[in-house]
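Asks: Sharing a structure below in structure tokens format, with a few things to ask.
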Amino acid sequence: MYSELDRARQGFNRSQEAFAELETRRPDDPEDASRHDALLHLARLRVYIALGRVAELERSTHAHRACEDSPTRRLFR
């Protein structure tokens with residue numbers, strides 16, 4: 001079973017792959033260039049959003065480490 005962090009990493013990897021694919025393909029028709037640039041911009045934004053989600057989950061102590069220790073252990077520190 002995947003954790004939220006694993007799913008976020010998978011989403012980040014998919015976003016990176018989609019961005020890389022768009023970056024390598026340039027349209028032949030000059031009229032499609034502006035549409036391609038817009039799609040490239042959206043793909044870049046999705047990569048940054050996915051990266052931010054991964055970073056937030058990595059900093060979180062409860063999103064992906066919920067079952068590592070008992071909740072009462074933190075009370076005595």
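Asks: Give the range 1-24 a look and list any residue that's of a type in the set (Val, Ile, Thr) and either surrounded by 15 or more Cβ atoms within 10 Å (Cβ to Cβ) or in contact (Cβ under 8 Å) with a residue 60 or more places away in the chain (or both), or say none.
Replies: None; the set is empty.
Asks: Any residue at all in the range 27-43 that is assigned to a helix (DSSP H, G or I), under 14 Å from the mean Cα position of the chain (by Cα) and at pLDDT 85 or above?
Replies: Yes, because at least one residue in the range 27-43 is assigned to a helix (DSSP H, G or I), under 14 Å from the mean Cα position of the chain (by Cα) and at pLDDT 85 or above.
Asks: Of all residues in the range 44-62, which are assigned to a helix (DSSP H, G or I) and of a type outside the set (A, V, I, L, M)?
Replies: 44, 46, 48, 52, 53, 56, 58, 59
Asks: Output the residue which, of all residues in the range 40-49 that are open to solvent by 70 Å² or more (accessible area, probe 1.4 Å) and not basic (Lys, Arg), is farthest from residue 60 (Cα to Cα).
Replies: Here the residue is 41.
The values are calculated or read from the model by the stated rules, or taken from the named source; none is laboratory data. Keep in mind that this is a model prediction, so the values were computed, not measured. We place every Cβ from the backbone using ideal geometry, glycine too, and count neighbours over all the protein chains shown. Heads up: the accessible areas ignore ligands, DNA and RNA and are worked out on the full protein's heavy atoms, side chains in. Shrake-Rupley method; radii C 1.70, N 1.55, O 1.52, S 1.80 Å.
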